[in-house]
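Right, one structure below, let's go through it.
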């Protein structure tokens, strides 16, 4: 009996030390597909003549917007299709109105693959910051859209291009 108690104590100590622990693995909120739903420079236009002005170029032009970003758990993001219309904006200074010329990309699509890092609400794709807020991911390209005079000889101003992707 004297020998049984120490053996039982050792057995219980070893058994209690081998318990399993449940570890919560944080789900990567980026993982999966994100569809481009907004392409804007912040100027309301009615290019499709439906009497509804929108700042979202995707709603106004006939170009197909099938751009999808796919984020993987291994830290890569890829897209096989990009929304890449040729957008020329001119400003009629006398009237204070903007004039758009848009050509849809018909020569094929541009694909890419890149690495990304996620820190808080920021996502860095090849060092370019995007902001995640719920089910949207927003990228801003500062001063990326030139606004020309009507003769297209001078740049009058620049606008930020904002892209918004929605989780699918």
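Maximal additional length on extending the residue 146-residue 129 stretch stands at 4.0 nm, based on 0.36 nm per residue less the C-alpha distance.
Our summary gives the stretch 30-167 a relative contact order of 25 percent, counting only alpha carbon pairs under 8 angstrom and 6 or more residues apart. Site pair residue 46 and residue 114 shows an inter-label distance of 3.6 nm when each label is modelled 7 Å from Cα along Cα→Cβ. Note that the stretch 30-167 shows a convex hull volume over its alpha carbon atoms of 122 Å³ per residue. With a cut-off of 15 Å on the backbone N, no residue of the stretch 72-107 is near the modelled label site 7 Å out from residue 55 along Cα-Cβ.
Read the figures in this text as sums done on the coordinates, not as results from a lab. A quick note: this is a predicted structure, and the numbers were derived from the prediction, not measured. Counting neighbours? That spans all protein chains shown, and the Cβs are built from the backbone with ideal geometry, glycine included.
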